[in-house]
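So the structure is just underneath, and the comments pick up after that.
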Amino acid sequence: MDREKSNKNTRRDFIKKLGIVGAGTATVATVYFDKNDLKAQKNGKKIKVLTTDKKVVEVDASDIVPVNTEVETDKMQHRGRVGLVGKKFAMVIDLAKCKNARKCMHSCQAVHQLKPEQHHINVLEMEDEVNGATYFMPKPCMHCDEPQCVSVCPVGATFKRQDGLVLIDNEMCIGCRFCIAACPYSARSFNWTDPKDAEKYKDVPYDIELNVPQKLGTVTKCAFSADRLREDKLPYCVSACPNGVFYFGDSNEDFVTNGTTKKTVRLSKLLKNNSAYTLLAELGTKPNVFYLPPNRENK
Amino acid sequence: MNNESTNSLSHAEIENDLIKNIHWSTKSKIWISTLLVAFAVCLYFYVTQLIHGLGVTGLHDYASWGIYISNFVFFVAVSLVGMLISSILGLANVTWIKPISRIAEIIAVSFALVAGLVIITDMGRPDRLLNIFIHGRVQSPIVWDIAVVSTYVFVSLLLLYVPLIPDFALIGKKLTGLPKFQLKIYKVLSLGWADKPEQFIIIKKLIKILLVIIIPVAIAIHTVTSWLFALTLRPGWDSSIFGPYFVSGAFVAGAAALVIALYFYRKHYGLEKYITDEHFNLMGKVLVLVSLVYIYFNLNEVLVPGFKPGTAAGAHIQELLVGHEATLYWIVQIFGLAIPFFLLLIPMFRKPIPITIISLAIFVGAWFKRFLIVVPSQLEPYLPIQNVPEKFYQYSPTTAEIAITVGSFVLVLIIMTLISKVIPLIPIWEMKEESK
Ligand code: SF4
């Protein structure tokens, strides 16, 4: 899984570096589109390439022009800060269904080049103090509407987007770790030592939405898989779960989709009918991750 | 209250006594070389940290602030003593502080300057330091802290410098044997001072203004430093009395530091006629007073949440008093605060040697108190610590981390030694005024 993913990354980044514009990647790829390149003489030689949305397409070899990686990073930074207009993402975690498969954790760690002790999502074994019930609780970043981490950051390296996502820009982070101190959900992790496979990804341009490559001395955190959302796909953890624990969607549209069954349901109804709650609601952070109670009899 | 002993001294005597520290004896050369070697060793560890990242420390995701931050808080705390002595007591017309106020300022400047470096050692990306100035967000308490600490360093430097102007002029005249460039610097710094009465009026006015300005700035530096913690939602930090609690604690640590500095400066430079036993006695009383205020805040800090054991804050206090951190907590509170307080009530213990030893205990205790404020709260997060290596449940600093922290103290000693080789430690002109 690990290997497969990193291969994919390198392949993809290779393409990005070449500045290929694949057919049918209108939304994403136009950013990299340069008309002049297409006017150049065609020599008829075709080659197969992988586009940013992972489709294989054939293009004329003469169209392949290298793109400055810095420009690349800048563009990704820009769109990463703006976010997806008109959306407001929300996640629902059905605790009654979690069987501690940990597929969410593992897929997340693989994609984001994390070490085993670094978690963007962590499955915790919980015990209810009042009734003694035990259950497993996947805990990603809550993507709070009142994010403490964002308020305290001295440089705006961690920020809140209009679509509700709280992201981190590791090109800007100064490593003060105030955000780690401020987060009541312990959702953040730090690159204390050289990140995993640092050598390998050294020249890959930084993708703020995928949040890789990781960088020494900076903070890393769950990004609700912003890169996948841009492609209209579900986050990595959500699609990795075999037990139908995760729902994900847009609360403006009021629909969420189950990552396993792919069934789409009304968000408000799902929350209301199952007495959903948020973690540490009393702190007033207003999470965008909702939990459906564990061990429900009528399940 | 006038100082008996200085009253009887002639101006020439005062001048000679108080500029004789501007001289490098063999003993002081050995001392500074030792310090420099020690500093080089500590620097080596910092270089390894620069190369390998903060991974050389014992920090981890659940104790991401450790002794660097504790040390930073401590340094800021100690630097507050300048304001306590010169401003609070000085503006109240307490005259006995005159011979010790410059030493208090020296402590303030040295500790505040080094505090700035200590915070840099804690950064994961010191190479991006400038980001704070380029992309600084006014909403972040760190930015407030940087703003007030630099203002404090600046005003403290002025407060050290302005009363030195007449003394610079004097040194330039008296110590003609010094290297040319050094004399030139004195000349430039003396700004054409000529002991004219109108110059004295101006300088006194200026000092008074600075003394007033520094009060809010000093209170701000430590209050803002306390907010780095108090503005979060963590049990143990999320407290509305953190500001005054920190400021009162700072006075205790700072006053103790001053006593220690007085003792060593006095001994080494033979300043007994100016810094008398009575000064130690009075500093002992100051310590009693500030400790009393600090104890009061400690009581509030513990009792109020402790009364509600069901809350997260209550659980944190319990952990401190009888749990994991209890041993350190009680050692610090008893040996670093309670016993010193009671001993200092007895006149015998306010003699120079005993009070210096007591102050050392307070000083060390105060450092560990900062540790107890910073670290345990992080190790008791709201959600359980799971799926991480065993060592994430505790925090123990590494050799590199300790060496870098020790380095900050060595640097303070270097600065304080160097300063004592270039300026009179006691304002000569003020002493001369006293003896009129
Ligand atoms: S560690 Fe980085 S992201 Fe976190 S507060 Fe500091 S600068 Fe911001």
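On the basis of being open to solvent by 20 Å² or more (accessible area, probe 1.4 Å) and touching a residue at least 60 places away in the same chain (Cβ under 8 Å), does B:Gln182 make the cut? Answer is yes for this residue. I need the full set of residues from region A:148-160 which are surrounded by fewer than 20 Cβ atoms within 10 Å (Cβ to Cβ), within 9 Å of another protein chain (Cβ to nearest Cβ) and more than 9 Å from the ligand (Cβ to nearest atom), in order please. The one that is surrounded by fewer than 20 Cβ atoms within 10 Å (Cβ to Cβ), within 9 Å of another protein chain (Cβ to nearest Cβ) and more than 9 Å from the ligand (Cβ to nearest atom): A:Ser151. Those residues that are within 14 Å of the ligand (Cβ to nearest atom) and touching a residue at least 60 places away in the same chain (Cβ under 8 Å), I need them from region B:145-159; list them, please. The one that is within 14 Å of the ligand (Cβ to nearest atom) and touching a residue at least 60 places away in the same chain (Cβ under 8 Å): B:Asp145. Of the residues making up region A:166-194, those that are buried (at least 22 other Cβ atoms within 10 Å of the Cβ), away from the ligand (no atom under 11 Å from the Cβ) and more than 18 Å from the chain's Cα centre (by Cα) are A:Pro184, A:Trp192. Before we move on, is A:Asp163 of a type in the set (Asp, Glu) and within 10 Å of the ligand (Cβ to nearest atom)? The answer is no for A:Asp163. You will find that of B:Ala112, B:Ala92, the residue that is modelled with pLDDT under 90, out of contact with any Lys or Arg (no Cβ under 8 Å at 6 or more places or on another chain) and either closer than 24 Å to B:Gly243 by Cα or open to solvent by 10 Å² or more (accessible area, probe 1.4 Å) (or both) is B:Ala92 and no other. Taking the criterion of being farther than 16 Å from B:Leu321 by Cα, within 14 Å of chain A (Cβ to nearest Cβ) and under 21 Å from the mean Cα position of the chain (by Cα), no residue of region B:344-381 qualifies.
Note on region A:120-145: among residues that are at negative phi, at pLDDT below 95 and assigned to a loop (DSSP other than H, G, I, E, B), the one that is farthest from the ligand (Cβ to nearest atom) is A:Asn131. Restricting attention to region B:188-199 and to residues that are under 30 Å from the mean Cα position of the chain (by Cα) and open to solvent by 40 Å² or more (accessible area, probe 1.4 Å), the residue that is nearest to B:Lys20 (Cα to Cα) turns out to be B:Leu189.
Quick one: A:Pro205 ticks every box in (1) assigned to a loop (DSSP other than H, G, I, E, B); (2) surrounded by 24 or more Cβ atoms within 10 Å (Cβ to Cβ); (3) in contact with an Asp or Glu (Cβ under 9 Å, 6 or more places away or on another chain) bar one, so which box is it? Every condition holds for A:Pro205 apart from (2). Picking from residues in region A:208-223 that are at the interface with another protein chain (Cβ under 7 Å from one of its Cβ atoms) and open to solvent by less than 10 Å² (accessible area, probe 1.4 Å), the one that is farthest from A:Met105 (Cα to Cα) is A:Gly217.
Inspect all residues belonging to region B:361-368 and state whether any of them is in contact with a Ser or Thr (Cβ under 9 Å, 6 or more places away or on another chain), over 30 Å from A:Trp192 (Cα atoms) and buried (at least 16 other Cβ atoms within 10 Å of the Cβ). Within region B:361-368, one or more residues are in contact with a Ser or Thr (Cβ under 9 Å, 6 or more places away or on another chain), over 30 Å from A:Trp192 (Cα atoms) and buried (at least 16 other Cβ atoms within 10 Å of the Cβ). In this structure, A:Gly244 qualifies as more than 10 Å from the ligand (Cβ to nearest atom), assigned to a loop (DSSP other than H, G, I, E, B) and open to solvent by less than 10 Å² (accessible area, probe 1.4 Å). Taken over region B:183-234, residues that are within 14 Å of another protein chain (Cβ to nearest Cβ) and in a helix (DSSP H, G or I) amount to 7.
Of all residues in region B:408-436, those satisfying the criterion of being over 18 Å from B:Ile275 (Cα atoms) and under 14 Å from the mean Cα position of the chain (by Cα) are B:Ser408, B:Phe409, B:Val410, B:Leu411, B:Val412, B:Leu413, B:Ile415. Counting only residues that are polar (S, T, N, Q) and assigned to a helix (DSSP H, G or I), which one in region B:122-166 is surrounded by the fewest Cβ atoms within 10 Å (Cβ to Cβ)? The residue in question is B:Ser150. Among the criteria (1) surrounded by 23 or more Cβ atoms within 10 Å (Cβ to Cβ); (2) more than 16 Å from the ligand (Cβ to nearest atom), the one A:Arg228 does not fulfil is (1).
The values are calculated or read from the model by the stated rules, or taken from the named source; none is laboratory data. Quick caveat: nothing in here was measured; it's all calculated off a predicted structure. So basically every Cβ, Gly included, is an ideal-geometry build from the backbone, and we count neighbours across all protein chains shown. Heads up: the accessible areas ignore ligands, DNA and RNA and are worked out on the full protein's heavy atoms, side chains in. Shrake-Rupley method; radii C 1.70, N 1.55, O 1.52, S 1.80 Å.
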